[in-house]
Structure formats: C-alpha cells, structure tokens
Amino acid sequence: MTVVTVVTASKWQLLLALALGATACWLVFSDASAHAAYDSSSPEFAEVLSEPPSEIRIRFTQELFRREGANGITLTHLDGGNDVRLGDPLIDNDDRHVMTASVDEELEPGRYVVSWTNLSAEDGDSDSGSYPFYVGRSPTPTEEEEDRLNAADLLIVYPGDEAQASGEQEATAQRTPTVVRSESSDSASLGVGPIIWLVVGIVAALILVGSLGFHLGRGQGRR
C-alpha cells in the first residue's frame, strides 16, 4: 500500500513538472506564431505625397493564404468621408508576403486610411489593421498624435522618430562608461526571460524531488 502511494504521488509530481515545462516552452515560443502583421507599405505609413498613388501595396510578416473573402484592402478619404474605389486585392505570386490593390480613381488632397484583413498561410490566423497617408497636405498636430497611436498599435516606429531614438542612444552610449570584458570570459547575459523560466524549471524539479523524498521517508518510517 505504501509503495503504491509513493508511486502515485511521484507520478503526479512528474506530471506537474512536465506541465510547468510545457507551459514555459509555450510562453517562450508563442510569439513565433503571431499573425501576418504589418511590415511595410507603399505609400509608407503617414507618408505625405505630392502626387496620388496608383496602387496600394502592403507587405506582411507572414505569407498569406489565398481564400475567397479572407484578404482585402479598403481605402477611405477621411476628409471627404467616402471610400475610394479599388481593384480586387492580389497576393503576389513571387512573394506571398505582399498584397496589392490598384487605385481606380483620382485621389483628392487630404488624409487617407488604408485598412486590410488577411489570412496567414503560416499559422492560419486572420488579422486586420490600418495605416494613414496624406496627399497634397501634411498632418495636423491632432492627426499626427492619432497616427502615433496607430503606429504603436502596429508595433512600428512613427516616421522620423528613428533618427531621434538613434541620437538618444548615441548620447547615452557616450555618457555610459565602456566596460571591457576579459578575453578569457566566455559568459553571456541570459536576459530576464530565460532566467525566470530557468528558476521555474529548478523549482519544479525541487518540488518533484522533495515530494518524492518525503513520501519515500514516510514509507520507510511506516515499516
């Protein structure tokens, strides 16, 4: 009876450790399957054009799956409040990361928003989003603020902020003393994430070993 209890307890502790390990792996690698998100476009995000475009071209982070009604592009003239007539959305045969649509009417000056829906060929998930561009005029301060929020939603840097961020990094690097690592040192920083999951794995192993030892001790004491 004692042996059965010990085996059953150790089995449950082993399952718990395996579950913790599987959860850690899922959390680490879940970002590898994260929809066909916005990568770049033409017109570019918040670009100010002197001439209207003849085509909308969007590149995504994953290849697209061809399914009727699953992929689409719309263009809205926010100043006029009307949708612009576009051609059917096409997925590039040579690069299925890219979806295009022709602009079939002349665009008036103003602010435009491109919206899309897509279906990833890599993880089977659908995604949607939007981005702005301007024809014949620049954004107002209010529109620029809205565009910055839009860029944050797409996880991209607002145009022009790259140079500012780069300058700030260079200034910080100049103020920060340089630490010279010994050539004999081969150690590398693990980062916070891996360290956390390493701790989780160690704790799970300690729970397994401690519980097993506790039940084995009880079993021997009863003898």
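The values are calculated or read from the model by the stated rules, or taken from the named source; none is laboratory data. Worth saying up front: this structure is predicted, and the values here are computed from it rather than measured. Don't worry about glycine lacking a Cβ; one is built from the backbone with ideal geometry, like all the others, and counts go over all protein chains shown. For accessibility, only protein heavy atoms count, side chains too; no ligands or nucleic acids. Shrake-Rupley method; radii C 1.70, N 1.55, O 1.52, S 1.80 Å.
Kindly give Rg over Rh for the stretch 50-155, based on alpha-carbon atoms, with the Kirkwood expression for the hydrodynamic radius. That ratio is 0.98, to two decimals. Rolling a 1.4 Å probe over the protein heavy atoms gives the stretch 25-165 an accessible area of 56 Å² per residue. Remark: spin-label model distance residue 39-residue 140 equals 3.6 nm, labels positioned 7 Å along the Cα→Cβ axis.
Applying 1/(1 + (r/R0)^6) with r as the Cβ-Cβ distance of residue 106 and residue 78 and R0 = 22 angstrom yields a FRET efficiency of 0.85. Take residue 95, project a point 7 Å from its Cα along the Cβ direction, then tell me which residues of the stretch 116-141 have their backbone nitrogen under 18 Å from it. Backbone N within reach: 121-122. Please work out the Cα center distance from the stretch 79-115 to the stretch 121-139, rounded to the nearest Å. Between the Cα centre of the stretch 79-115 and that of the stretch 121-139, the gap is 10 Å. Shown are 117, 76, whose ranking by accessible area with a 1.4 Å probe and every protein chain present, most to least, is 117, 76.
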